[in-house]
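Written out below as structure tokens is the structure these notes cover.
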Amino acid sequence: MADAPPHPDDATQGTPESIGSSDSSPHRGPKADESGHEAQRAQLWRRLNGGGAAVLILEALAVLFVPRAIAQTGSGLTPWRLAAVLAVVVALVVIAGLQRRSWGPQAGLAVQLPVLATGFFTAAMWFLGVLFLLLWIYLLRIRAELLDPPPGSPPDVPAKGDG
């Protein structure tokens, strides 16, 4: 019965967490802890950047529906209004691509002002602009808490396993 697959409760089989983990070495030095911490921090940085870019892309898609709403208003969709809305969409997409830069999150916050300004074209954009502004502020707050923990808080070094 050597060809039978292992039973899921078999304690001799490795778990996904233990296979290839670096915790199995008994002599981990401070250098290994620092490089692991930096790797986790870099991965967290990339994930937060991806989240910011995703929010900006979703916002750009939402703003793309504005010309349809403007066309149904009293003055209608003029070429100037269409150009202004499309410029906001292009700015959102470009800044989404720049989220990996150190100033990317601040640029994402700054681009919320033109989105709010589209409220002058149709009133629904005041609500949508404020909603995305609050979402962006929340994202910046989460980023600050995760990347720059307050002084006196324990470091976010992963706990070492017992075995």
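Considered as a group, the residues in segment 119-132 that are of a type outside the set (A, V, I, L, M, F, W, C) and assigned to a helix (DSSP H, G or I) include one that is surrounded by the fewest Cβ atoms within 10 Å (Cβ to Cβ), and that residue is Gly119.
For the residues Asp33, Asp23, the requirement of being at pLDDT below 55, in a helix (DSSP H, G or I) and not polar (S, T, N, Q) singles out Asp23. So for segment 134-149 (the condition being more than 20 Å from Gln40 (Cα to Cα), free of Cβ contacts under 8 Å to residues at least 24 places away in the same chain and buried (at least 16 other Cβ atoms within 10 Å of the Cβ)), does at least one residue qualify? Scanning segment 134-149, I find no residue that is more than 20 Å from Gln40 (Cα to Cα), free of Cβ contacts under 8 Å to residues at least 24 places away in the same chain and buried (at least 16 other Cβ atoms within 10 Å of the Cβ), so the answer is no. Checking each residue of segment 42-63 against the condition of being touching a Phe, Trp or Tyr at 6+ places or on another chain (Cβ under 9 Å) and free of Cβ contacts under 8 Å to residues at least 24 places away in the same chain gives at least one match.
The values are calculated or read from the model by the stated rules, or taken from the named source; none is laboratory data. Keep in mind that this is a model prediction, so the values were computed, not measured. As a convention, Cβ positions derive from the backbone with ideal geometry for all residues, glycine included, and neighbour counts pool all protein chains shown.
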